1. What number comes out for accessible area per residue over the chain if the probe is 1.4 Å? Units Å², please.
2. Identify the trypsin sites (Lys or Arg not before Pro) of the range 1-80 meeting these criteria: DSSP loop state and at most 10 other C-beta atoms within 10 Å of the C-beta.
3. Kindly flag which residue pairs out of K56/K262; K56/K284; K8/K50 have an alpha-carbon separation exceeding 25 Å in this structure.
4. What angle do you read, to the nearest 10 degrees and between 0 and 90, between the alpha-carbon axis of helix 195-204 and the longest principal axis of the chain?
5. Distance from the Cα centre of the range 105-155 to that of the range 272-306, in angstrom?
6. Provide the gained length on full extension for the span K284 to K91, in nm with one decimal, where the gain is 0.36 nm per separating residue minus the Cα-Cα distance.
7. For R144 and D179, what does the FRET efficiency come to when R0 = 51 Å and r is the distance between their Cβ atoms, rounded to the nearest 0.05?
8. For the chain, which whole-number percentage of the solvent-accessible area (1.4 Å probe, protein heavy atoms only) is attributable to carbon and sulfur atoms?
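The values are calculated or read from the model by the stated rules, or taken from the named source; none is laboratory data. All values reported here derive from a predicted model rather than from experimental measurement. Positions of Cβ are backbone-derived with ideal geometry, glycine not excepted, and every protein chain shown enters the neighbour counts. Surface accessibility is based on the protein's heavy atoms, side chains included, excluding ligands, DNA and RNA. Shrake-Rupley method; radii C 1.70, N 1.55, O 1.52, S 1.80 Å.
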Amino acid sequence: MLKDTLLKLLTIPGPSGFEGACADYIESEMRPCADEIRRDVMGNLVCVKKGAPGGKRILLTAHMDEIGFIVTAIDEDGFLRVATVGGVNPKITQASHVVLASGAQGVLFAEAGSDPVSLFIDVGASSREEAGKKAQIGDWAVVRGVVSDMGDRLAAPYMDDRCGCAVLMETMRRLGKTDNEIVAVFTTQEEVGLRGATTAGYAADPDMAIALDVTHANDFPRTKETTHVVSRLGKGAAVKIMDRGLIAHPDVVEALEAAAAKAGVPCQREILLGGSTDAAAIHKSRAGVPSGVISLPCRYVHAPCEMVDLNDLEGAVRILLALL
């Protein structure tokens, strides 16, 4: 079920600010698992499973949005000029097949000799009028979702953070009665500044929060100067110690590692020197929230071929179930 869910999520485009189709699918799947479902002003999908009186309120998040592009102009020759949405690396992403909000397809490329890199999309049009039938200024575009299924390992453009969404969905499916109230929020606009998590954390007012997101698995051939390994693919989900926006609460780290031991699954420790997650916004909400992160090792983050190991995802589900 976990793999099937992830494969479905990988077919649904949804860059920051345009997560509605992804939220529609997740909502349809979560209705049997939640006592309450609602969407807030930011577009966050909030799924609540009620607990016993006196239990803790635990917030779990995974972000629905992906990095992408937005059309800023259409030139007289029919090329779409685009800006990036989120942390796109133009040098890695150019020469990719893309799909636009209209469903039209095209090719992303860079203007010759441009520095910084200036990106455009070729939709096969020969004039502004022809291109205008396929896209308008303000339309989004994303790398087309081609999935490489290698058994336990999958590679696709949208793993960040559709794999986290799949883990959270599977956790809610398997979770039986619990004394705690579980607030599972599928957040928006993480890639452009943790915006959905900022409001979701304030609204939930939780006793503890855990974000699910990818982290770099740098266990592939690299130059000598960049051999630092954050985590390793297939060696278990990682418990975050620190990243650029969060020093994980010691009690949450201890609880997650104890849950991994209880579940009998391996886990790694993670320190990420660049980047952060929803937890960076949530832990500063109101008077403060004890927060942590279950990080899912992922090779080639923010490239069109992000790779994860399903065993790591399954381990993350088991850790959460043991904790909750």
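1. Per-residue value: 42 Å².
2. Listed in order of number, the matching sites amount to none.
3. Correct reply: K8/K50.
4. 30 degrees
5. The distance from the Cα centre of the range 105-155 to that of the range 272-306 comes to 27 Å.
6. This chain segment gains 66.0 nm when fully extended.
7. Here the calculated transfer efficiency is 0.70.
8. C and S atoms contribute 52 percent here.
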